Amino acid sequence: MKRKWQRELEVFWCPELNVPVFRREDCEGALRLSLFEPRDLRIAWEGDYEYLSNAFDEEVGKGSWEKLTEGRMVFLNRTSYVDHAYQIIVDGDILARALYDPLAGKWRIRLGYLGALRALERGYINSIKVDNPRPGDVVGKGNKQVALVDSEGKVVGIAIPKRGKLRVDKVWKHPRRGALSTRKQDLKDILKANERFIEELREWSFEVLKRAPKGTPILSLSGGKDSALVAQLLKEYDMDAILLFNDTGIELPETIKTVEEEARFFNMKLEIASAEDRFWRAVDLFSPPARDFRWCCKVLKLGPIARFMKRYENVTNFVGNRWWESLERSRTPPIMKMKYFPTVTTVSPILPWPQLLELAYLIDRNVPLNELYFKGFDRVGCFMCPGATQWEYELVKRLHPELWERWENVLEKWRKRLGYGKWWIRGGWRWLAPEHPKEVLASKAGETIDWKEEYKKRQSKVKLLDYKVIREKKRVKKIILKLKYDKVKALELAKLLGTERRGQIIEGPRGRYEFYKDRVIVSPKVKGIEEAFEALRVVHSSNACAGCRICETWCPTGAIKVIEEKGETRPVLADPNACEGCRLCMYLCPSADIVADRLFATLLYNNPKAWKRSQRPHKEVVQRLAEGAWRNRKGRSS
């Protein structure tokens, strides 16, 4: 079932100033634009002009970008696609759609009504007379898109080449508006047209700041436009804050530079929560992260931020969340408790701001901005974030080939290990499970996905070689896990599974756990197969530790510590008697909760998406344990 946006951002076009407005009443004669949700459009900057101009040259005709845009401002509306895609808006109508083909490494241009009209008038494309065209119809042969016209010569559609045939891509009904204005415009026109709305947005933001609870004020500064707007509004509201930058170790240089510039501009104290080089160590242990395999967020963000937040009793954390960024964030309330941190209140004062207005507002006030936005980037953050697109990776590659080469070497190593073709490096790695986009990329390359084989090949320090479930009267009596692992390391942590340890056997209210050189035998008293996976959590976290110290940070009694030996880290029960057996450390650990869950539980349950199973510890239970542990600071180290 397709998820829906919880809130709607409407966009209208003001013919008088030839710019977008977000309320019809702000411009006389404003007309609603038909755009894909969430309609969070932005200005096309010089970096965008470069690649779009090249794409139009190749797909439409030499010099067509300049001729069809006619020297006026261009706006981009991000849309869903297998990779990056935009609706291109000029003069109040859709000029074209731009779609990035990750396998070909090219932008494809699909002309909209205004684009088809202007391209036909200027001789860039030909026309075909067609009565009542329908999407998908074959209307001829050719290798270049053509305009479809009716008996009166009106443009009613566009056909695009596919394998030498021209297929109808879009059909338009008349009357069509086309260009609503041909007036040249600039940034000041955007500010003028939306002046009253911007003032209302400021008032909304100030009201949220007014309602913010008392606590040490900390602003999460990312080097992006959203946190910059929060800082600017705090300054205007005459409120000071500590600036906290989470340096993940995989930030682009431009982002680091912007953070330093903004700290000076706002004259606020800058603190850094650094993950150091943990990503590069962890990727060898865990395999590359993916959209459905985000161990990186816990290692690079949760761990460093938690260690910083521990310094303060109560924190008011100002963040740059906006409703239009994602479906998840569209549900965000202005003020809420931070997940796992009961003493931290998250305040989001810019939720309703469209990015078009926030950037115009910041530029008008000379706030230092990340230059990446003007080079074609929609977002800034970890340079190889699996949530990004292949096009964004291409931008990184062009700007910082040395960084991308390092990451591509990692991907190439894992590609060979998994036995995939080059399609996997060109975007397939962004999914762990056999999701539709991954299957499409594999299919186009003539390959298929065997998820079980992939999951097994991703296993590193711990390997599940085989398993056997022994049942008695339909009840799971015993699970035998045949493993390749370090038994000594596992036993240093295994006591948390029960209440009593005798040699290599752990006894507890939930079951009996026997650790042998090549296998682990679990005799569950509750939960059946799920209890066998609980033992696997312990095995994996003790054998494949990224050194994030989340377990140590949250342990309510200080029983667990992370030690380092021979360049490797691992958690141990430094004080076994202090352990209460809550298992919170395993539920927060990226190695146990994400990596082991994705790569091992899926095999036990024979389901590539078994991490969605109902048997997992409920989020509410983990949340409650985490909040209780956070309040109880006894014995926790920095």
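Where does the chain land at 222 nm, in deg cm²/dmol rounded to the nearest 500, when only DSSP H runs of n ≥ 4 count, each adding -39500 (n - 2.57), divided by all residues?
Details: 20 runs with 197 residues, N = 638.
Value at 222 nm, helices only: -9000 deg cm²/dmol.
Let me know the charge dipole size of segment 451-511 about its Cα centre in debye, to the nearest 20, where only the beta-carbon of Lys, Arg (+1) and Asp, Glu (-1) is charged. Provide the component values of the computation, followed by the final result.
Details: 21 positive and 8 negative charges, 58 e Å.
The calculated dipole for segment 451-511 is roughly 280 debye.
With unit charges on the beta carbon (Lys/Arg positive, Asp/Glu negative), name the residue among Ser64, Tyr485, Pro289 whose Cα is farthest towards the positive pole of the charge dipole of the chain.
Tyr485
Give me the net charge of Cys545's neighbourhood, meaning all other residues with Cβ under 10 Å from the Cβ of Cys545; Lys, Arg count +1, Asp, Glu -1.
Working: positive: Arg281, Lys461, Lys489, Arg549, Arg570; negative: Glu564, Glu568.
Computed value for this residue: +3.
For segment 474-513, which trypsin sites (Lys or Arg not before Pro) are in a loop by DSSP, counting at most 10 other Cβ atoms within 10 Å?
Values: sites: Lys474, Arg475, Lys477, Lys478, Lys482, Lys484, Lys487, Lys489, Lys495, Arg501, Arg502, Arg510, Arg512; in loops: Lys474, Arg510.
In loop regions of segment 474-513 (DSSP not H, G, I, E or B), the sparsely surrounded trypsin sites (Lys or Arg not before Pro) are Lys474.
Considering the zone a paramagnetic label at Lys609 would reach in this model (a point 7 Å from Cα along the Cα-to-Cβ line), which residues of segment 424-450 have amide N under 16 Å from it?
431-440
Rounded to the nearest Å, what's the spacing between the alpha carbon centres of segment 393-437 and segment 603-627? Just the number, please.
29 Å
Quick one: pull the percent of accessible area on segment 564-627 belonging to carbon and sulfur, 1.4 Å probe, ligands and nucleic acids left out. Working shown, then result.
Values: 1350 of 2940 Å².
Of all accessible area on segment 564-627, carbon and sulfur atoms account for 46 percent.
Calculate the FRET efficiency for Lys162 and Asp450 from the Cβ-Cβ distance with a Förster distance of 41 Å, rounded to the nearest 0.05. Please list the in-between numbers first.
Working: r = 30 Å, r/R0 = 0.73.
FRET efficiency, Lys162 to Asp450: 0.85.
Only four residue types carry charge here, +1 at the Cβ of Lys and Arg and -1 at the Cβ of Asp and Glu. Report the dipole size of the chain about the Cα centre in Debye, rounded to the nearest 20. Let's see the in-between values first.
On the way: 118 positive and 88 negative charges, 712 e Å.
So the magnitude is around 3420 debye.
Can you list the aspartates and glutamates whose alpha carbon is less than 14 Å from that of Lys154, not counting same-chain residues fewer than 8 positions off?
Hits, sequence-local ones excluded: Glu121, Asp131.
Suppose the chain between Glu565 and Glu580 were pulled fully straight at 0.36 nm per residue; how much longer would it get relative to their current alpha carbon spacing? Please list the in-between numbers first.
Values: separation 15, 0.36 × 15 = 5.40 nm, distance 2.62 nm.
Going from the current span to full extension adds 2.8 nm.
Do any cysteines in the chain lack another Cys Cβ under 4.7 Å, and if so which?
Cys296, Cys297, Cys545, Cys548, Cys555, Cys579, Cys582, Cys589 - these cysteines have no disulfide-compatible partner (Cβ-Cβ under 4.7 Å) in the chain.
Grab the Cα-Cα distance for Glu328 and Lys129, subtract it from 0.36 nm times how many residues apart they are, and report the gain in nm with one decimal. Intermediate values should be presented prior to the final figure.
Details: separation 199, 0.36 × 199 = 71.64 nm, distance 4.57 nm.
Taking Glu328 through Lys129 to full extension adds about 67.1 nm, to one decimal.
In nm, to one decimal, how far is the modelled label at Glu37 from the one at Ser53, with both set 7 Å along Cα→Cβ?
Each label point lies 7 Å from its Cα, and together they span 3.7 nm.
Quick check on my link table: of Lys67/Lys173; Lys438/Lys495; Lys477/Lys619; Lys489/Lys525; Lys337/Lys375, which ones sit more than 30 Å apart, alpha carbon to alpha carbon?
Details: Lys67/Lys173 25 Å; Lys438/Lys495 40 Å; Lys477/Lys619 27 Å; Lys489/Lys525 25 Å; Lys337/Lys375 36 Å.
Beyond 30 Å: Lys438/Lys495; Lys337/Lys375.
Would you work out which of Gly547, Ala388, Gly157 lies farthest towards the positive end of the dipole of the chain, given +1 charges on the beta-carbon of Lys and Arg and -1 on that of Asp and Glu, about the Cα centre?
Toward the positive end, the furthest listed residue is Gly547.
Past 23 Å, Cα to Cα, is the threshold; run Lys214/Lys235; Lys106/Lys129; Lys235/Lys339; Lys397/Lys452 against it and keep the listed order. Kindly include the intermediate steps, with their values, before the conclusion.
Working: Lys214/Lys235 17 Å; Lys106/Lys129 30 Å; Lys235/Lys339 27 Å; Lys397/Lys452 32 Å.
Violating the 23 Å Cα-Cα cut-off are Lys106/Lys129; Lys235/Lys339; Lys397/Lys452.
For semi-axes √(5λ) of the Cα gyration tensor in Å, pick the label among [x] 45, 29, 21; [y] 79, 48, 28; [z] 49, 32, 20 that corresponds to the value derived from the coordinates.
The listed entry that was calculated here is [z].
With axes computed from alpha carbons, what is the tilt in degrees of helix 195-211 against the longest principal axis of the chain, rounded to the nearest 10 within 0 to 90?
Helix 195-211 sits at roughly 20 degrees to that axis.
In the chain, with Lys and Arg counted as +1 and Asp and Glu as -1 at Cβ, which of these residues, Ile505, Ala596, His436, has the Cα nearest the positive end of the dipole, that is, farthest along it?
Ile505
Contour minus end-to-end for Leu191 and Glu28, with contour as 0.36 nm per residue of separation and end-to-end as the Cα-Cα distance?
On the way: separation 163, 0.36 × 163 = 58.68 nm, distance 1.59 nm.
Going from the current span to full extension adds 57.1 nm.
How large is the dipole of segment 245-331 about the Cα centre if only Lys and Arg carry +1 and Asp and Glu carry -1, each at its Cβ, rounded to the nearest 20 debye?
Working: 15 positive and 14 negative charges, 77 e Å.
Around 360 debye, computed over segment 245-331.
Roughly how many whole Å is it from the C-alpha centroid of segment 361-392 to that of segment 26-101?
For segment 361-392 versus segment 26-101, the Cα centre distance is 18 Å.
Take the alpha carbon atoms of segment 500-638, find their radius of gyration, then divide it by 2.2 N^0.38 Å using N residues; give the quotient.
Working: Rg = 14.9 Å, N = 139, 2.2 N^0.38 = 14.3 Å.
Cα Rg divided by the expected 2.2 N^0.38 Å: 1.04.
Compute the angle between helix 529-543 and the longest alpha-carbon principal axis of the chain, please, reported from 0 to 90 degrees and rounded to the nearest 10.
Long axis of 529-543 versus the principal axis of the chain: about 90 degrees.
Against the longest principal axis of the chain, how steep is helix 46-59, in degrees 0 to 90 to the nearest 10, with axes from Cα atoms?
70 degrees
The values are calculated or read from the model by the stated rules, or taken from the named source; none is laboratory data. All values derive from a computational prediction rather than experimental measurement. Because the Cβ atoms are built from the backbone with ideal geometry, glycine has one as well, and the counts that use them run over all protein chains shown. Calculation scope for accessible area: heavy atoms of the full protein, side chains included, ligands and nucleic acids excluded. Shrake-Rupley method; radii C 1.70, N 1.55, O 1.52, S 1.80 Å.
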